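This report refers to the structure that appears directly beneath it.
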Amino acid sequence: MLSLLKTMWTVFLHLFRRKITVSYPEEKPYVPPRWRGRIILSCDPDGGERCVACYLCAVACPVDCIALQAAEDEHGRRYPEFFRINFSRCIFCGFCEEACPAYAIQLTTDFEMGEYKRQNLVYEKEDLLISGPGKYPGYNFYRTAGLSIEGKDKGEAENELPPVDVRGIMP
Amino acid sequence: MNDVTGHLIIIFGVLFAFMTIAGGLIWVERRLLAMWQDRYGPNRVGPFGLFQVIADMVKIFAKEDWIPPFADKPVFVLAPVIIVLSALMSFTVLPLAPGVGVVDLNIGLLFFLAMSSLGVYSITLAGWASGSKYSLLGGLRAAAQMLSYEVFMGLSLMGVVMMAGSFNLGDIVEAQKGMWFCIPQFLGLAVFIISGVAETHRLPFDLPEAESELVAGFHAEYSGIKFGMFFVGEYLGITLISALIATLFFGGWLGPVFPPIVWFFIKTAVFICGFILLRASLPRPRYDQLMALGWKVMLPLSLANLMVTAAVLLATGK
């Protein structure tokens, strides 16, 4: 009997405790910087698209929500002709970000993506592409990779030695 | 003519006031439960979430009002009406302030006891008419629970009746001018509160409903406004029992400074909050524990209270 009254008193005292609820729209919760939210496509510091349309993100995606078509421009750079992410399917696992060799696809801290129409959750390339480099400020894939494009031949990339002449006999 | 209008005003005033309280309790209960669980509860619709009641009402009116094909149709429809009616009828004998009440019955207390027993029919019939096993189990439990708790609910009030010398609720309040009956009739109060909780089948004595065992017990098959009626009936029951505790044991409208009617509603509100606190804190006992508590503890207690009160009254020669 006494324990019941004690229980009631304890519960009553909870009236004066601080509430655990975070009243969300007015009061934003803490979002860690590595939060896996809305996916973006970043650009390199020179303003070019980072994505090289290698399809690795589409392959890695466990729910097949990424669709793209590779193309090549006149300089020999590959780029996606279209890039489409269906966010109504996306599970925000971050596998695409891990798979990306060019740091192009990245997950951000934005999670407020509510829509009234499901179709509006399908993001096209112009919705995904941002102007900045995202999490990797200085990185430029074509400037560091050994791929030859117009204006940069093999061996001319940063930290890259000139190609070895395999037929030469000099050490 | 003027007399008739006055009566009509009182009748509709009482109806309106108590229906509003019962409706508002939806919000009060959710808010208070949330507060006691370190949450906020509904606070979005209107100021402090007060319009939640309206939103809930709109929703429940718009719901499909479905009657299961295996149900006993007329009884199924009638059952929720009975609970609201019997609860509303009991309010007629309550004196809100000196002279303010729907009827001034000199057997007011007996009328309340009769009406609260009628309320049981609603639940038992609902459980029976639903034609499903969980509902039937709930109805059965309600019948047994009411049967055992009705007995000493009446007995616990007899001490008050003896001290006041009247069944009239107004006279009982007047008799508390010197001292509220909660002090001399402490045992009666305790027994009445416990049986009142059982009478309104609120937690921790909500065995007819028992979501965790019987789905929703007697109203498992109900939907839409019929379900709403059961809910309003339950809240009306809480209001009624709280008002009666205030009237019978805590001096009803008596109190300093404020006008009598304000005191009546303040006291009632405190006990309503008590009901909700009970729900927030206590677990539901097992069915046999409930019965054992009723017959083995509460009945002897109320009988002892009755005897002692009678003996003291006789000895002091009142």
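Taken across the range B:203-211, residues that are hydrophobic (A, V, I, L, M, F, W, C) and modelled with pLDDT of 80 or more do occur, with at least one present.
For the range A:128-141, a residue qualifies if it is surrounded by fewer than 16 Cβ atoms within 10 Å (Cβ to Cβ) and under 10 Å from A:Arg84 (Cα atoms), but none of them does.
Against the list (1) under 30 Å from A:Val22 (Cα atoms); (2) surrounded by 15 or more Cβ atoms within 10 Å (Cβ to Cβ), the condition B:Phe48 fails is (2). Restricting B:Gly119, B:Gly139, B:Gly127, B:Gly131 to those that are closer than 30 Å to B:Gly6 by Cβ and in contact (Cβ under 8 Å) with a residue 60 or more places away in the chain reduces the list to B:Gly119.
Residue-by-condition table, conditions (1) in contact with a helix residue (DSSP H, G or I) (Cβ under 8 Å, 6 or more places away or on another chain); (2) under 25 Å from A:Pro45 (Cβ atoms); (3) assigned to a loop (DSSP other than H, G, I, E, B):
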{"site": "A:Ala102", "(1), (2), (3)": "yes, yes, yes"}
{"site": "A:Phe111", "(1), (2), (3)": "no, no, yes"}
{"site": "A:Asn120", "(1), (2), (3)": "no, no, no"}
{"site": "A:Glu158", "(1), (2), (3)": "yes, yes, yes"}
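Is one or more of the residues making up the range A:49-64 among the acidic types (Asp, Glu) and within 14 Å of another protein chain (Cβ to nearest Cβ)? No. Before we move on, is B:Lys63 more than 14 Å from chain A (Cβ to nearest Cβ), among the basic types (Lys, Arg), in contact (Cβ under 8 Å) with a residue 12 or more places away in the chain and surrounded by fewer than 15 Cβ atoms within 10 Å (Cβ to Cβ)? For B:Lys63, the condition - more than 14 Å from chain A (Cβ to nearest Cβ), among the basic types (Lys, Arg), in contact (Cβ under 8 Å) with a residue 12 or more places away in the chain and surrounded by fewer than 15 Cβ atoms within 10 Å (Cβ to Cβ) - is met.
Of all the listed residues (B:Met291, B:Met298), the sole one being within 14 Å of chain A (Cβ to nearest Cβ) and over 16 Å from the mean Cα position of the chain (by Cα) is B:Met298. For the range B:1-52, filtering for residues that are of a type in the set (S, T, N, Q) and either in contact with a Lys or Arg (Cβ under 7 Å, 6 or more places away or on another chain) or within 14 Å of chain A (Cβ to nearest Cβ) (or both) leaves 2. Taking the range A:122-156 as the range and being among the aromatic types (Phe, Trp, Tyr) and not in a loop (DSSP other than H, G, I, E, B) as the test, the residues that pass are A:Tyr123, A:Phe141, A:Tyr142. Apart from one condition, B:Glu150 fits all of (1) acidic (Asp, Glu); (2) modelled with pLDDT under 80; (3) in a helix (DSSP H, G or I); the exception is (2). Here B:Ala216 meets the list (1) under 19 Å from the mean Cα position of the chain (by Cα); (2) modelled with pLDDT under 85; (3) surrounded by fewer than 18 Cβ atoms within 10 Å (Cβ to Cβ) almost entirely, failing just condition (1). Checking each residue in the range B:18-38 for being in contact (Cβ under 8 Å) with a residue 12 or more places away in the chain and either in contact with a strand residue (DSSP E or B) (Cβ under 6 Å, 6 or more places away or on another chain) or of a type in the set (A, V, I, L, M) (or both) picks out B:Met19, B:Ile21, B:Ala22, B:Leu25, B:Ile26, B:Val28, B:Leu32, B:Leu33. Could you look through the range A:32-55, keep only residues that are aliphatic (A, V, I, L, M) and under 13 Å from the mean Cα position of the chain (by Cα), and pick out the one that is surrounded by the fewest Cβ atoms within 10 Å (Cβ to Cβ)? In this case the residue turns out to be A:Ile40.
Residues that are assigned to a strand (DSSP E or B), more than 15 Å from A:Thr144 (Cα to Cα) and touching a residue at least 12 places away in the same chain (Cβ under 8 Å) within the range A:44-74 comprise A:Ile66, A:Ala67, A:Leu68, A:Gln69, A:Ala70, A:Ala71, listed in sequence order. The requirement of being more than 17 Å from B:Ala304 (Cβ to Cβ) and over 19 Å from the mean Cα position of the chain (by Cα) is not satisfied by B:Gln185. Suppose the filter is in contact (Cβ under 8 Å) with a residue 12 or more places away in the chain and surrounded by 16 or more Cβ atoms within 10 Å (Cβ to Cβ); does B:Gly41 pass it? Judged against the criteria, B:Gly41 is not a match. In the range B:193-281, counting only helices (runs of 4 or more DSSP H) that sit wholly within it, the ones holding 2 or more residues that are touching a Lys or Arg at 6+ places or on another chain (Cβ under 7 Å) and within 14 Å of another protein chain (Cβ to nearest Cβ) span B:260-281.
Quick check on my filter: what residues within the range B:263-283 are at pLDDT 85 or above and either over 24 Å from B:Met153 (Cβ atoms) or basic (Lys, Arg) (or both)? If the condition is that a residue be at pLDDT 85 or above and either over 24 Å from B:Met153 (Cβ atoms) or basic (Lys, Arg) (or both), then B:Ile266, B:Lys267, B:Arg279 are the ones that fit.
Among the residues of the range A:1-23, those identified as aliphatic (A, V, I, L, M) and either facing chain B (nearest Cβ under 7 Å) or part of a helix (DSSP H, G or I) (or both) are A:Leu2, A:Leu4, A:Leu5, A:Met8, A:Val11, A:Leu13, A:Leu15, A:Ile20. For the range B:186-228, a residue qualifies if it is in contact with a Cys (Cβ under 7 Å, 6 or more places away or on another chain) and within 19 Å of B:Ala79 (Cβ to Cβ), but none of them does.
The values are calculated or read from the model by the stated rules, or taken from the named source; none is laboratory data. Source: prediction; values computed, not measured. Positions of Cβ are generated from backbone atoms using ideal geometry, with glycine treated the same way; all protein chains shown enter the neighbour counts.
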